[in-house]
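Colleague: Can you keep this structure in mind? I'll have questions shortly.
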Amino acid sequence: MSRLRTRTRPPVALALPALLAVAFLLLPLIGVLVRTPWGDLGEHLGSPGVVEALKLSLLVSLWALGLSLLLGVPLAWLLARVRFKGKALVRSLVLLPMVLPPTVGGVALLLGFGRRGLLGPWLEDSFGLTLPFHTSGAVVAATFVAMPFLVISLEGALGGLKQSYEETAASLGASPVRVFFTVTLPMVAPGLVAGAALTWARALGEFGATITFAGNLPGTTQTLPLQVYLLLQDRPEAATSVSLLLLAIAMAVLIALRGRWTGAPVGRGAVTVSRPAPDEAPSPAAEPVGDTASAGLPPTESAGHAAQPVQHWPLHATVTGFNRLTLEAEPGTTIAVVGENGAGKTTLLRALLGLTPRAHADLRLGDADVTALPPHKRQVAWVPQDGALFPHLSALANTAYGLRARRVPRADARREAQAWLDRLGVGHLAHRKPSQLSGGQAQRVALARALAARPRLLLLDEPLAALDQTTRARVRHTLRTHLAGFGGVCLIVTHDPVEAVSLADRVLVLADGRALQDAPPAEVSRHPRSPWVARMLGRNAWPGIASGGGLALAAGGRLVVAEALPDGAEALAIIAPEAVSVHRDRPGGSPRNVWPGTVREITAVGSRLRVLIASPEAPDLVAEITPDAAAELGLADGCAVWTSVKATEVTLVRL
C-alpha cells in the first residue's frame, strides 16, 4: 500500500517569482534548441576547425584538471584541517577567480606571468617557457578560473568528515600522508569527484581569461568557446551548433552530479549492500578455541606461527594543562576513567595520544619516552565511542590497517588480522563492510583493530555506550577476556558503574581536570569522594561540614550521624537507597533523621522501585523499595510522604 503524502501548497508570493526565475534561466536554453539547424548539425560539428578546437579544448581542460588536482587538493586540505593566521585571506583568494570578470583575470595573468610580468621574464630566461600565445598559457588560464570549484567542493567534504577517523588511523601507526591517501581521500571521494567534474567543465568552457592571456591562435590556443566567438561573426548557424555541444556537455556533468556540489563524506551506513546481521553469537566455527583468548598469547600462534614473547609496558605519565595529574600503572592494569561531563576524561586520552593543545602529557611507556613523538609513532591505540571503522574497508582490512601501517607484509597482516577477528568471535564477518555490521559486531571489530596494531597503551573512549544492554554485556565479557592478556595499560572512559567495576583494576575519578580519587573499584564503591560518582553508583551523596556531632548540609538542613568528625571538617555523607525508609505518616521510634517530602518520580530498577523524594528540609533523596511496599503505601507521583534514615546507616567520607 502506498504511503499517503501531505503536500503543502506554496504561497503565490513565493511561487510566482520562483517560476519566473526558472523561465528566465530556461528561455535561453530553449532558444539554443529551437535555433539549432539540426539538419546541418553533423556537418557543423565535423568541420576541421571545430574538430581541431574540440581536441585542443579537451587537451587544455584535462591538463587544467590535472593541475587543479595537484595544487587544489592539498590547498583544500589545508583550509579544512589547519588553523593558521590569514586563513580567511587565503579562502578569499581561492574564491576571487569565481567572482572576478574573466577578462580581468586574463589581464592579471598577463601582469603576473606575461613576458613583462612579475614572473614571466624569469620563466623565459630559466626555462625558455613563454606562456602567452602558447597552449600552456591556455592551460594556466583555465586552471586559474576552474581550480576554485575543486577547492571549495573538496573543502566542504573535508569539513563534513569527522576527524575521529583520521585520528584513529594515526593512533594505529599511519603517518599523516598515509592517513590522507588511505582514509581521508577515499572517504571524501564524492566531494572530490564532484569538484573534479565541475573543474573540468569550467575549464572546458573558459573564454575570457584565455583570449586575454593566451590569445586566439588556431591549433594553439583557439578552444571551442573561442571558436564559437569567431563563428558567431561569419556563420551564426555553426556557432549555434557548437554552443549546443558545449551546453550538452555542461548539462551532462550537472545531471551526473545530481546536486552533490559539496560532496558527502562516506559515512557508516552510507551504502548498505545487505541488512546488518543481528548481534548474535557466532557459529561454533567462528568461536575462539581453547584458552588462547585468556592466556594473552599473540594470535599468530593460533594461526600456525611460532608464538612471540608477550612484552610488557608500564605506564608513567605527567599531564599538564587543563588536566593536571600523574598516572603510573603496571602492565596489565585497566583503569576506568570517570567523571562529570567536562571533567577532562576525553581530554586526558587525547593528551596521551598527542592530539590536543589543551593538555600535554610527558609520557613514558616501558623504557621509551614517547613525549616528543607524533601520534603515529607512539604506539598508543585509540578506540573512540563510535568505533570509527573506516567505511570503505572490510572488517578484515580495517583490522589489518595498523599492521600494514607498520610495514607488516600484506599476507602476514591479513593472517594476523583474521586471527584477531576469530578471537573476538567475528571472524566470519571478515569480508563485510562496517555498514553491514551490527553495533556489537562493529565494536568487536574496532577492538580487534586496536589490539592487532600491537599497541603499548590502549585507550577506549566509552566503547560500549552506543550498545543495548544485552549486546553491552556480551561485548563487556569479550573485552574483559582479552584485556586480561594485554601487555600494556588500558584506560577506559565510562559512565557505567558496571563497566568500571567489572573491567577495571582501578577507578580514576576526574573533576575539573584533576584526579579526585584513584583507587580500586571496591574502595571507590564504599567511599566515593565525589557526589557525582556516588550518584553514578546509585547512592545518595550529600556534601556538608561537620558541626556539633552532625553534618550541616551544603544544600540546607542537618544530618545526624553516628561517626564523629572534627568541627569544620568537610565530608560527603553517603546513604544507600535501601537504607531510606518511606512512610505515609511521621515515623516514631529510633530514626534520628526524619523529613517530610513529596514523591517526584518512581522508576523500576530490576525487581525493585526507586522513589525520588523532594523535601523542603533536606536535599532530594532516593529510596529503594519493593513493588509490594509501594502498593501498600499507595505511592504515586505527587503524594506526601515521610522519609527516615538511621544515623548508623550514614557513611561519611572526609574530603
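The values are calculated or read from the model by the stated rules, or taken from the named source; none is laboratory data. Because the structure is a prediction, the values reported are computed rather than measured. Here Cβ is always computed from backbone atoms with ideal geometry, including for glycine, and neighbour counts include all displayed protein chains. The accessibility values were calculated without ligands, DNA or RNA, using every heavy atom of the protein model including side chains. Shrake-Rupley method; radii C 1.70, N 1.55, O 1.52, S 1.80 Å.
Colleague: If amide hydrogens are placed 1.01 Å from N in the peptide plane, which non-local residues have theirs closer than 5 Å to the one on Ala511?
Modeller: Leu516
Colleague: Over all directions, average the projected area of the Cα convex hull of segment 467-574 and note it in nm². Walk me through the intermediate numbers first.
Modeller: Values: hull surface 35.0 nm².
Value for segment 467-574: 8.7 nm².
Colleague: Now, a different point. At 0.36 nm per residue, minus the direct Cα-Cα distance, what do Leu93 and Phe24 gain on full extension? Give it in nm, one decimal, please. If you can, show how the numbers build up before the last one.
Modeller: Numbers: separation 69, 0.36 × 69 = 24.84 nm, distance 3.10 nm.
This chain segment gains 21.7 nm when fully extended.
Colleague: Here is a follow-up. Return the FRET efficiency for the residue pair Leu62, Leu14: r is the Cβ-Cβ distance, R0 is 35 Å, and the value is rounded to the nearest 0.05. All intermediate terms of the calculation are to be shown ahead of the outcome.
Modeller: Values: r = 42 Å, r/R0 = 1.21.
So, using R0 = 35 Å, E works out to roughly 0.25.
Colleague: Can you grab the distance from the C-alpha centre of segment 551-568 to the C-alpha centre of segment 108-164, Å, no decimals?
Modeller: Cα centres, segment 551-568 to segment 108-164: 75 Å.
Colleague: Tell me the angle of helix 410-423 to the major Cα principal axis of the chain, expressed in degrees between 0 and 90 and rounded to the nearest ten.
Modeller: 30 degrees
Colleague: Which of the following values of volume of the Cα convex hull per residue in Å³ was calculated from the structure shown: (i) 173; (ii) 277; (iii) 292?
Modeller: This structure yields the entry labelled (ii).
Colleague: For segment 111-229, what is the largest minus smallest coordinate of the Cα atoms on each principal axis, given in angstrom and ordered from greatest to least?
Modeller: Projected onto the principal axes, the Cα atoms of segment 111-229 cover 53, 36, 21 Å.
Colleague: Rg over Rh of segment 532-649, using C-alpha atoms and the Kirkwood radius, what does it come to?
Modeller: Values: Rg = 14.1 Å, Rh = 14.6 Å.
Value, to two decimals: 0.97.
Colleague: In segment 70-139, what trypsin sites (Lys or Arg not before Pro) fall in a loop by DSSP, with at most 11 other Cβ atoms inside 10 Å? Walk me through the numbers on the way to the answer.
Modeller: Working: sites: Arg81, Arg83, Lys85, Lys87, Arg91, Arg115, Arg116; in loops: Arg83, Lys85, Arg115, Arg116.
Passing both the DSSP loop test and the Cβ count: Arg83, Lys85, Arg116.
Colleague: Still on this model: I want to check the label-to-label distance for Leu111 and Ser164. Put each point 7 Å from Cα in the C-beta direction and report it in nm to one decimal.
Modeller: 5.0 nm
Colleague: From the gyration tensor of the Cα coordinates in segment 66-160, what semi-axes in whole Å does the equivalent ellipsoid have, largest first, with each one equal to sqrt(5λ)? Could you put the intermediate results ahead of the total?
Modeller: Working: eigenvalues 146, 37, 34 Å².
Taking √(5λ) for each eigenvalue gives 27, 14, 13 Å, largest first.
Colleague: Which is the longest run of the chain containing none of the GluC sites (Glu not before Pro) found in DSSP loop states (not H, G, I, E, B) with at most 15 other C-beta atoms within 10 Å? Intermediate results must be reported in sequence, preceding the final value.
Modeller: Details: sites that count: Glu280, Glu563, Glu617.
With GluC sites (Glu not before Pro) excluded where exposed in loops, the chain gives 281-562 as its longest stretch.
Colleague: In nm², what is the average projected area of the convex hull enclosing the Cα atoms of segment 1-123?
Modeller: Values: hull surface 69.4 nm².
Quarter of the Cα hull surface area: 17.4 nm².
Colleague: Here is a follow-up. Residues of segment 31-52 with the amide nitrogen closer than 20 Å to a label point 7 Å from the Cα of Glu237, along Cα-to-Cβ, please.
Modeller: Zone members listed by number: 31-51.
Colleague: For Lys87, which aspartates and glutamates qualify as cross-link partners when the Cα separation must be under 17 Å and same-chain residues fewer than eight apart are set aside?
Modeller: Excluding near neighbours in sequence, the set is Glu155.
Colleague: What chymotrypsin sites (Phe, Trp or Tyr not before Pro) in segment 49-149 are in a loop by DSSP, with at most 13 other Cβ atoms within 10 Å of the Cβ?
Modeller: Numbers: sites: Trp63, Trp77, Phe84, Phe113, Trp122, Phe127, Phe133, Phe144, Phe149; in loops: Phe84, Phe133.
Sites meeting the loop and neighbour criteria: Phe84.
Colleague: Which aspartates and glutamates have a Cα lying under 18 Å from the Cα of Lys646, excluding residues fewer than 8 positions away in the same chain?
Modeller: Those aspartates and glutamates meeting the cut-off are Glu563, Glu578, Asp585, Glu617, Asp620, Glu624.
Colleague: Percent relative contact order of the chain, based on C-alpha pairs within less than 8 angstrom and at least six residues apart?
Modeller: Relative CO of the chain lands at 11 percent.
Colleague: So which trypsin sites (Lys or Arg not before Pro) in segment 521-615 end up in coil per DSSP with only 13 or fewer other C-beta atoms within 10 Å?
Modeller: On the way: sites: Arg526, Arg529, Arg535, Arg539, Arg558, Arg584, Arg592, Arg600, Arg608, Arg610; in loops: Arg529, Arg539, Arg584, Arg592.
Passing both the DSSP loop test and the Cβ count: Arg584.
Colleague: Please report, in whole Å³, the volume per residue of the convex hull around the C-alpha atoms of segment 589-655. Walk me through the intermediate numbers first.
Modeller: On the way: hull volume 8.1 nm³, N = 67.
Given the Cα convex hull of segment 589-655, per-residue volume reads 120 Å³.
Colleague: If you fit an axis through the alpha-carbon atoms of helix 224-234 and take the longest principal axis of the Cα set of the chain, what angle between them do you get, 0 to 90°, nearest 10?
Modeller: Computed tilt is about 40 degrees.
Colleague: Helix 12-35 versus the longest principal axis of the chain: what is the Cα-based angle in degrees, 0 to 90, to the nearest 10?
Modeller: 40 degrees
Colleague: Could you please state how large a percent of the accessible area of the chain is carbon and sulfur, counting protein chains only and using a 1.4 Å probe? Display every interim value, and only then the final one.
Modeller: Details: 18920 of 31860 Å².
Answer for the chain: carbon and sulfur cover 59 percent of the accessible area.
Colleague: Given the convex hull of the Cα atoms of segment 8-73, what is a quarter of its surface area in nm²?
Modeller: Values: hull surface 35.6 nm².
If you wrap the Cα atoms of segment 8-73 in a convex hull and average its projections, you get 8.9 nm².
Colleague: Pull up the cross-link candidates among the lysines for Lys433, meaning alpha carbon to alpha carbon under 27 Å and not fewer than 8 places away within one chain.
Modeller: Lys162
Colleague: When the label point is put 7 Å from the Cα of His527 along its Cα-to-beta-carbon vector, which residues of segment 489-510 have a backbone N closer than 17 Å?
Modeller: Hits in segment 489-510 for His527 at 17 Å: 506-509.
Colleague: Before anything else, pin down the relative contact order of segment 64-223: Cα pairs under 8 Å, at least 6 apart, normalised by residue count, whole percent.
Modeller: This gives 37 percent for segment 64-223.
Colleague: Label-point separation (nm) for Gln469 and Ile545, each offset 7 Å from Cα along Cα-to-Cβ?
Modeller: Placing both labels 7 Å along Cα→Cβ, they lie 4.3 nm apart.
Colleague: Where only protein heavy atoms count, and the probe is 1.4 Å, what is the accessible area per residue for the chain in Å²?
Modeller: Working: 31860 Å² over 655 residues.
Using a 1.4 Å probe on heavy atoms only, each residue of the chain averages 49 Å².
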